[in-house]
1. Report every pair of residues separated by at least 6 positions or lying on different chains whose Cβ atoms are under 9 Å apart, first residue within segment B:40-68 and more than 7 Å from every other protein chain (Cβ to nearest Cβ) and under 11 Å from B:Leu18 (Cα atoms), second surrounded by fewer than 20 Cβ atoms within 10 Å (Cβ to Cβ) and of a type in the set (Ser, Thr, Tyr).
2. List, please: which pairs have Cβ atoms under 6 Å, are six or more places apart or on different chains, and start with a residue in segment A:189-216 that is in contact (Cβ under 8 Å) with a residue 24 or more places away in the chain and end with one that is part of a helix (DSSP H, G or I) and of a type outside the set (A, V, I, L, M)?
3. Being among the hydrophobic types (A, V, I, L, M, F, W, C) and at the interface with chain B (Cβ under 7 Å from one of its Cβ atoms) is the filter here; which residues of segment A:2-20 pass it?
4. Name the residue, out of A:Thr150, A:Thr171, that is of a type outside the set (D, E, K, R), out of contact with any Phe, Trp or Tyr (no Cβ under 6 Å at 6 or more places or on another chain), more than 14 Å from chain B (Cβ to nearest Cβ) and under 30 Å from A:Asn88 (Cα atoms).
5. Please go through (1) more than 18 Å from A:Asn239 (Cβ to Cβ); (2) among the charged types (D, E, K, R); (3) touching a helix residue (DSSP H, G or I) at 6+ places or on another chain (Cβ under 9 Å) for A:Asp159 and return the number of the only condition it doesn't satisfy.
6. In segment A:111-147, what residues are hydroxyl-bearing (Ser, Thr, Tyr), touching a residue at least 40 places away in the same chain (Cβ under 8 Å) and either over 22 Å from A:Phe249 (Cα atoms) or in contact with a His (Cβ under 7 Å, 6 or more places away or on another chain) (or both)?
7. Inside segment B:32-52, can you point out the residues that are in contact with a Gly (Cβ under 8 Å, 6 or more places away or on another chain), in a loop (DSSP other than H, G, I, E, B) and either within 23 Å of A:Ser12 (Cβ to Cβ) or of a type in the set (Ser, Thr, Tyr) (or both)?
8. What single numbered condition from (1) farther than 19 Å from A:Phe21 by Cα; (2) over 18 Å from the mean Cα position of the chain (by Cα); (3) of a type outside the set (Asp, Glu) fails to hold for A:Gly135?
Amino acid sequence: MSIAAKKRVFASPASLTDNKFHFCPGCHHGLVHRLAAETIDYYDLSSKAIGVIGVGCGVFLYDYLAIDCCESPHGRAPAVATGIKRSNPDSFVVTYQGDGDLAAIGTSEIIHAANRQESITIIFVNNSVYGMTGGQMAPTTLPGQKTTTTPAGRQPVGDGYPINVAELISTLKGTAFAARVACHSHTHIRTARKAMRRAFQAQIEKRGLGLIELLSACPTNWRMTPQQSVRRLEAEMINTFPLGTYKDF
Amino acid sequence: MGRVAVKEERCKGCGYCLEVCKEGNLYLDSTRRNRSGYSVATFSEDKVCSGCALCAEICPDVALEVYR
């Protein structure tokens with residue numbers, strides 16, 4: 001049977017443009033972009049969604065999502081999103097940030113945005129390293145993990161412990177939804193899709209801030225093949241960053 | 001019977017789809033490369049595909065379309 005006679009059961013979501021991703025092979029940013037686009041389509045938000053992008057590998061989101069986007073200074077996406085949402089209450093505002101952005105320089109902004117119960121959605125991609133700048137240690141780097149700034153491995157005494165952002169944000173009263181999911185297998189991707197919808201639903205129902213943390217692989221800066229990196233994600237990252245929903249409305 | 005269409009210019013040859021395909025329908029064709037220089041995932045016509053779409057679900061580059 002020719003392909004034209006068959007029913008298409010999986011295709012690129014409408015809110016994702018045809019532009020080819022610039023990400024490295026095996027990087028999960030593209031997957032998170034696709035989940036975001038699928039969720040925008042699911043809630044029919046493409047005409048009123050505004051993306052606010054932090055600094056990192058996700059910075060070219062405006063090339064890939066067919067929604068209006070705004071670049072923010074490093075870590076300041078929740079602050080910029082606050083301004084956009086307050087001046088356009090009918091818009092749907094979603095930030096896209098990495099761990100070097102949200103958990104390091106932007107720690108203050110995310111904590112206070114959650115504490116003010118801002119109706120915004122945060123997509124937080126945690127790959128335990130600064131990706132775009134060349135693999136330096138991030139606050140989410142695992143103890144013992146080698147990076148360009150911790151060549152002997154991260155030492156908790158002196159370098160600190162990994163910050164568990166989803167749990168931290170879930171303790172604030174203004175947070176409506178906080179969950180951590182992973183991107184390395186199809187079952188985890190399905191869970192991630194459901195959690196992404198809940199993070200969007202929190203804003204749609206004006207319940208407060210919704211945050212979804214996605215554990216993802218960075219094969220290039222982990223100095224691994226894509227296959228090795230997903231195995232590391234499963235074996236090591238999930239132990240330090242337990243998966244689960246920490247707050248649900 | 002299912003069928004997978006590969007958008008070859010989007011594929012970066014990470015191989016995630018090969019690992020999830022229970023039937024082994026996908027392989028990396030080392031004899032062909034796309035314009036970015038990657039060996040691309042290739043759908044094998046001579047095996048049975050159930051059209052489960054796990055390959056497309058796990059693809060980080062949205063390079064696969066599945067038909068059933």
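1. That search, which allows pairs on different chains as well, returns B:Ala41/B:Tyr27; B:Thr42/B:Tyr27; B:Phe43/B:Tyr27.
2. The qualifying pairs are A:Ile189/B:Glu57; A:Met196/A:Thr39; A:Arg197/A:Thr39; A:Phe200/A:Thr39; A:Gly210/A:Gln203.
3. Kept after step one, since they are among the hydrophobic types (A, V, I, L, M, F, W, C), are these residues of segment A:2-20: A:3-5, A:9-11, A:14, A:16.
A:Ile3, A:Val9, A:Phe10, A:Ala11, A:Leu16, listed by residue number.
4. A:Thr171
5. (3)
6. Residues satisfying the conditions are A:Ser128, A:Tyr130, A:Thr140, A:Thr147.
7. B:Tyr38, B:Ser44, B:Cys49, B:Ser50, B:Gly51, B:Cys52
8. The failed condition is (2).
Just so you know, all these numbers are worked out from the coordinates, no wet-lab data involved. Bear in mind the structure is a predicted one, so any value in this text is a computation, not a measurement. Counting neighbours? That spans all protein chains shown, and the Cβs are built from the backbone with ideal geometry, glycine included.
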